[in-house]
Amino acid sequence: MIEIKGLSKFYGDIKVLDDISLEIKEGEIYGLVGRSGAGKSTLLRCINRLEDFQSGSLKVDGVEVRDLEGTKLREFRKNIGMIFQNFSLMQRRSVYENIALPMECWGYNKDEIDKRVRELAEVVEITDKLSSKPRELSGGQQQRVAIARALSLNPKILLSDEATSALDPKTTDSILSLLKRINRNLGITIVIVAHQMSVIKRVCDKVSVLDKGKIALNGKVEDVFLHKQDEIREIFGGANKIALPSTGINIRIIVPEEGESNRIISKMAQILNVDFSIPVANIEQFKERTMALFVINVECENFNKVAEFLDYQNVTWEVVENE
Amino acid sequence: MNRDPLQLIMKIVMPAFLDTLYMVVIATTISTIIGFFIGIILYVTDKDGLRPNASIYKVLDVVVNMIRSFPFIILVVSIIPITRAIVGTSIGKNAAIVPLVFAGSPFIARLIEGSLKDVDKGLVEVGKSFGLSHTQIIFKVVVKEAVPAIINNITFATVAILGTTAMAGTVGAGGLGATAITYGYQNFNDTIMYGIVVILIILVQLIQLVGRKIYRKKI
């Protein structure tokens, strides 16, 4: 649906996006994550041509976005809704009028607008606020209005530019589940820009991690987050590398949190009768499922036994190098 | 000059008051229309505006600054030929309106430009992201959001234009300013001079009051 190939963008001499290539499929929730200044918002804005780029190609449904001008560009943008960090609602219009604005400008008739506004208010759960002014609403409610407005023209794609960055964790959760619901029920492709990993982790199918204008990591969210932890830590800094035991062998084990497999550790202890320690045990919440992540430390002579057992149990595991 | 003060005020101050009111209302209205137009062009052609155009912006910018740097008295005198061409005379309240508009329009243009620039830039992006045309973004989004600020600024400009009419009075426009100087100051008639000052104070208060009322309604 969105196909980006070798896209580069400069501000003067500064390269802000460097040879970006990625593909976003219909119905996906795709995450662009990175530190501030990594170019993720700029890349997002290239998709609906709020930003121009100098070289490469960006196609949406097979249409080269760079070639669009005038009315064609406006028609094209109609199919792409967008929401922003600070909601960007018109303070002098009521919630109803805010949602209606794009339809008004595109010449929908009054009955159509009324029907659609009420429908959308239901989707985003703000039916009782339609006559309020935005400043009377909380941040989360304002973002809901913005989402309703973004959906008003029946877009195929929804771009979300740090839409939850100004919200508290609980409100963030509710907005994220709303986005998930919209994706599932309306089949709208969503591209999410965020600087919080947790946001991407919970809602996205695929992710590109941007660093200094380049794509540093790319792939399915679970793969990237489970297998590229060190790279992610290097890009984002933040939490210090966990000091793992320097003797023995450290093994990272990843299992689905539900069902039998989450007892793998205790099972292993019982069956193999080996000693090990568990320096790391985490639960990671993803869009579709929850994964448990352990690092266990075994003595070298037991390694083969353990590896064999894990393979036999069909568990994803890898050796973490000692520093 | 020992007439009854009330009679004095009715005969001399009242017509002057009406002249002033006439000049202020007409000059402010015309200046607002022209200023609004110029203000929007400045907003649109600015380097991060909707359609940046360095040459149009620069020319307007210089012209606006140039007119604004004229002391009003000098402006009145220097545009006499233009005034004559427009109203046929350089004396009287109609003639005064020409320099008042000349000075008022760039002033209001700047204020309008400022009010529009104060509108959240994100809203322009929102408009673009929905595929609205530039005209729609300006009038349905930016101007609409800027209305309270514009009202405040026009109130402010009206008071400024009221002050300027007093100066226009010295070049034969009549009005409260001229009357205060000729009948009041130069004739040593304190009743007229301070009477007019009181009238002007009340007038300014009234303008502010009306401005505030409309602002409250629009916000």
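The values are calculated or read from the model by the stated rules, or taken from the named source; none is laboratory data. These figures come from a predicted structure and were not determined experimentally. Using ideal geometry, Cβ is built from the backbone for each residue, glycine included, and neighbour counts are taken over all protein chains shown. Ligands, DNA and RNA are stripped out before the accessible areas are found, and what is left, the full protein with its side chains, is counted by its heavy atoms. Shrake-Rupley method; radii C 1.70, N 1.55, O 1.52, S 1.80 Å.
Please verify whether residue A:114 is surrounded by fewer than 17 Cβ atoms within 10 Å (Cβ to Cβ), touching a Lys or Arg at 6+ places or on another chain (Cβ under 9 Å), more than 23 Å from residue B:121 (Cβ to Cβ) and not hydroxyl-bearing (Ser, Thr, Tyr), treating the condition exactly as stated. It would help to see each step written out before you state the result.
On the way: surrounded by fewer than 17 Cβ atoms within 10 Å (Cβ to Cβ): yes; touching a Lys or Arg at 6+ places or on another chain (Cβ under 9 Å): no; more than 23 Å from residue B:121 (Cβ to Cβ): yes; not hydroxyl-bearing (Ser, Thr, Tyr): yes.
No; evaluated as a whole, the condition is false for this residue.
Looking only at segment A:81-95, which residues are assigned to a strand (DSSP E or B) and facing chain B (nearest Cβ under 7 Å)?
Scanning segment A:81-95 gives a single hit, A:82.
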Practice problem: Could you pull out the residue among A:77, A:66, A:116 that is more than 10 Å from chain B (Cβ to nearest Cβ), under 30 Å from residue A:55 (Cβ atoms), without any contact (Cβ under 8 Å) to a residue 60 or more places away in the chain and assigned to a helix (DSSP H, G or I)? | Solution: A:66
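Among the residues of segment A:15-26, are any within 14 Å of chain B (Cβ to nearest Cβ), under 17 Å from the mean Cα position of the chain (by Cα) and of a type outside the set (A, V, I, L, M)? Before you say what the answer is, go through the steps one by one.
Taking segment A:15-26 first, the residues within 14 Å of chain B (Cβ to nearest Cβ) are none.
No, every residue in segment A:15-26 fails to be within 14 Å of chain B (Cβ to nearest Cβ), under 17 Å from the mean Cα position of the chain (by Cα) and of a type outside the set (A, V, I, L, M).
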Quiz item: Which one is farthest from the other protein chains (Cβ to nearest Cβ) among residues in segment B:133-154 that are polar (S, T, N, Q) and surrounded by fewer than 21 Cβ atoms within 10 Å (Cβ to Cβ)?
Solution: B:152
Exercise. Just give me the residues in segment A:1-37 being open to solvent by 60 Å² or more (accessible area, probe 1.4 Å) and not in a loop (DSSP other than H, G, I, E, B), in sequence order.
Key: A:3, A:5, A:10, A:11, A:14, A:15, A:19, A:23
Quiz item: What residue, among those in segment A:169-207 that are closer than 20 Å to residue A:140 by Cα and part of a strand (DSSP E or B), is farthest from the chain's Cα centre (by Cα)?
Solution: A:190
Quiz item: Within segment B:94-115, can one find any residue that is within 14 Å of another protein chain (Cβ to nearest Cβ), open to solvent by less than 10 Å² (accessible area, probe 1.4 Å) and either over 19 Å from residue B:67 (Cα atoms) or in contact with a helix residue (DSSP H, G or I) (Cβ under 9 Å, 6 or more places away or on another chain) (or both)?
Solution: yes
Exercise. Would you mind finding the one in A:177, A:138 that is open to solvent by 10 Å² or more (accessible area, probe 1.4 Å), under 28 Å from residue A:237 (Cα atoms) and of a type in the set (Ser, Thr, Tyr)?
Key: A:177
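Go through segment A:208-323 and tell me which strands (runs of 3 or more DSSP E), entirely inside it, have 1 or more residues that are of a type in the set (Gly, Ala, Ser).
On the way: elements: A:214-220, A:249-256, A:276-285, A:290-298, A:316-320.
So the answer is A:214-220, A:276-285, A:290-298.
Residue-wise test of (1) away from chain A (no Cβ under 14 Å); (2) surrounded by fewer than 16 Cβ atoms within 10 Å (Cβ to Cβ).
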residue: B:117; (1), (2): yes, no
residue: B:129; (1), (2): no, no
residue: B:163; (1), (2): yes, yes
residue: B:176; (1), (2): yes, no
residue: B:184; (1), (2): yes, no
residue: B:190; (1), (2): yes, yes
residue: B:196; (1), (2): yes, no
residue: B:209; (1), (2): yes, yes
Quiz prompt | Odd one out for residue A:71, checked against (1) farther than 21 Å from residue A:26 by Cα; (2) open to solvent by less than 10 Å² (accessible area, probe 1.4 Å); (3) within 11 Å of chain B (Cβ to nearest Cβ); (4) β-branched (Val, Ile, Thr) | solution = (2)
Practice problem: Considering each of A:205, A:223 in turn, give the residue that is free of Cβ contacts under 8 Å to residues at least 12 places away in the same chain and either closer than 30 Å to residue A:36 by Cα or of a type outside the set (A, V, I, L, M) (or both). | Solution: A:223
Quiz item: If a residue has to be loosely packed, with under 12 Cβ neighbours inside 10 Å and of a type in the set (D, E, K, R) to count, how many in segment A:278-307 make the cut?
Solution: 3
Quiz prompt | Residue in segment B:177-193 that is charged (D, E, K, R) and in contact (Cβ under 8 Å) with a residue 12 or more places away in the chain present | solution = no
Quiz item: Are there any pairs, at least 6 apart or on different chains, whose C-beta atoms fall under 7 Å, with the first in segment B:89-108 and without any contact (Cβ under 8 Å) to a residue 40 or more places away in the chain and the second of a type in the set (A, V, I, L, M) and not in a helix (DSSP H, G or I), and if so, which?
Solution: B:98/B:79; B:102/B:79
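Hey, among B:52, B:15, B:81, which residue is under 25 Å from residue B:163 (Cα atoms) and modelled with pLDDT of 90 or more?
On the way: B:52 fails: under 25 Å from residue B:163 (Cα atoms); B:15 fails: modelled with pLDDT of 90 or more.
Just one listed residue meets the conditions, B:81.
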